[in-house]
């Protein structure tokens, strides 16, 4: 619950306020005073009569009614103080800087739980403990520096790490990026990243609220809340970029299926971000650069003009964006010749447009006008630094005017952070946001252009829910029998190969006659059939059939033999893995041995829309095999798409499914048929 007192308190008390600005309770008070907090300020410090000029109270009992309390006292003293503040002083918001809670010890965890119980009972908001605080347009409730420039049109940031958000702010300030609010949630004892984002969604007004939200996340405690409100915000017109740290895994995961080995919590994070339309970043520099790109209007397409007076940076930028699928159209013809006539000899307008180190503000204006009106591009990047011989105030002033007037976004890469430091500062003081490094910028621009908005349509195909529930409810944990798997695939509408399970020669001969040669034989029981010699292909006669049956029945753990018709087609794979808190991760790729050998898979979070399934298929490195290549028949992508979504629908109906492999499916232009499948449930 986020109260108005957390956002806009009329009175604030610093419990543990100090004259020593090297202490958290001292510096937060200093920040509040210096930034001109307009409400009433109180301090609790039993050792002082006044703290930084403010009358100090000996205990929290001595305080008048107060909206927000900021605690900078030892952890063991916090529960009692919070209880008095919330039950007797009308306090509806609490920020706790103090450490020593669940991150420290079991005893600290109990203190944290007690505080949460108290604030919940009082209907109050709690930020922290173990955080740096909150900054809103109404107050600076943080003990750190620097204090970023605040603007209604700036960005909001929510961070699970206090130190990290400070470093992000520092990096952002170098680009001229301003903030609207800062939330450091620390231990997230009551309010976490998802809760703050939910509030931002519920109060968002497009054109008035901060247009860009930044997240630094160490743990996603409620993926569904994050997905819901991130999707909602993006559909309303906001943009979100996020770092989710802790994505590497030390050691391999023990898994008994292809899907289990290939799926991972981080793939679930990627799938969630992709479904919501969140741009994922992996460093502070990337995050603030992406945020700065997002502060400009989004280009209508992916064609970029590069305008430069330095060849090297233009080449490096060209490499960065073209390798990410961004187009740099070639300029030629009458309009290009007209532009070239306005530049110094030796200039080039082919794109990149290089107007040399001696290029002027007037020439830059001519180039921008040509890109705006004459050339087929969607955005412009201007690279302009200085060797330190002359000032470039006039160039940056002209650039700022063009940025504000042109319909196509213009991104300024200003690399001379030493030689023209003062010019860049003036440019940024007037609201400009600039980029010091062309490659970091180029990669960020590509991410912004290539990231699609939130998925809107997640309608799933109909499945036989009654039959699915009958099979699941009547099963125990572990791998389902082949007969149960068959029933689930039939209920989900997944076409499968005709098959029979036999354990004696009589039933073997009968099944072979009904199915017809050539046949495939597979052991029932062992998990990895191929590894134990449990798969035989192209069985064409009864003698081979019976010989292989006798051999295969002696393989360890084998209980029966499954026989199927020998089918042809491109081997495909569809899998599902239940990921804690996230739901089911749906995977697809090329099948057979290629699943593990190449690990060429795509993932999406269930429910999977038709659009998502199409992207899953087309982004595979082996997509050309699915299309058909060198005379080989391709795969019916519409049927493959539907099969992916039917597995998603099956998992939605049966959340008990823990792992599922359909490997291989055989696909051609007429059909996609499941040849082998395993399903493991965990209730």
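Every read-out reported here was derived from the displayed coordinates using simple, explicitly stated rules and does not represent laboratory data. None of the values given here were measured: they were computed from a predicted structure. Cβ: placed from backbone, ideal geometry, glycine included. Neighbour counts: every protein chain shown.
Distance between the C-alpha centers of segment 457-517 and segment 120-138? Whole Å please. Cα centres, segment 457-517 to segment 120-138: 54 Å.
A simple spin-label model places pseudo-atoms 7 Å from Cα toward Cβ; at residue 245 and residue 358 they are separated by 5.1 nm. Mind running the shape call on segment 544-670? Use the C-alpha gyration tensor, a ≥ b ≥ c as the square roots of the eigenvalues: rounded below 1.5 for a/c, prolate if a/b tops b/c, oblate otherwise. Cα axes put segment 544-670 in the oblate bin. When only Cα pairs below 8 angstrom with a gap of at least 6 residues are kept, segment 565-653 shows a relative contact order of 29 percent. Between residue 553 and residue 504, the modelled labels are 0.9 nm apart [label points 7 Å from Cα along Cα→Cβ]. For the chain, the relative contact order works out to 9 percent when only alpha carbon pairs closer than 8 Å and six or more residues apart are counted. Under the criterion of Cα pairs below 8 Å and six or more residues apart, the relative contact order for segment 488-601 equals 24 percent. How many angstrom lie between the C-alpha centres of segment 430-449 and segment 330-353? For segment 430-449 versus segment 330-353, the Cα centre distance is 25 Å. Taking a ≥ b ≥ c as the square roots of the eigenvalues of the alpha-carbon gyration tensor, segment 313-399 is classed oblate because a/c is 1.5 or more while a/b is no larger than b/c.
Compactness check for segment 4-132: Cα Rg over 2.2 N^0.38 Å is 0.97.
Taking a ≥ b ≥ c as the square roots of the eigenvalues of the Cα gyration tensor, segment 1-51 is classed as prolate, since a/c reaches at least 1.5 and a/b is larger than b/c. Separation of segment 66-83 from segment 146-160 is 26 Å, based on Cα centroids.
Using just its DSSP H runs of length 4 or more, each adding -39500 (n - 2.57), the chain gives a mean residue ellipticity at 222 nm of -11000 deg cm²/dmol after division by all residues.
Legend: calculated FRET efficiency, residue 8 to residue 228, from the Cβ-Cβ distance at R0 = 25 Å, rounded to 0.05, equals 0.45. The fewest-to-most ranking of 127, 440, 307 by surrounding Cβ atoms within 10 Å reads 440, 307, 127.
Checking [x] 71, 58, 53; [y] 85, 62, 53; [z] 98, 78, 38 against the coordinates, the calculated Cα extents along the principal axes in Å falls under label [z].
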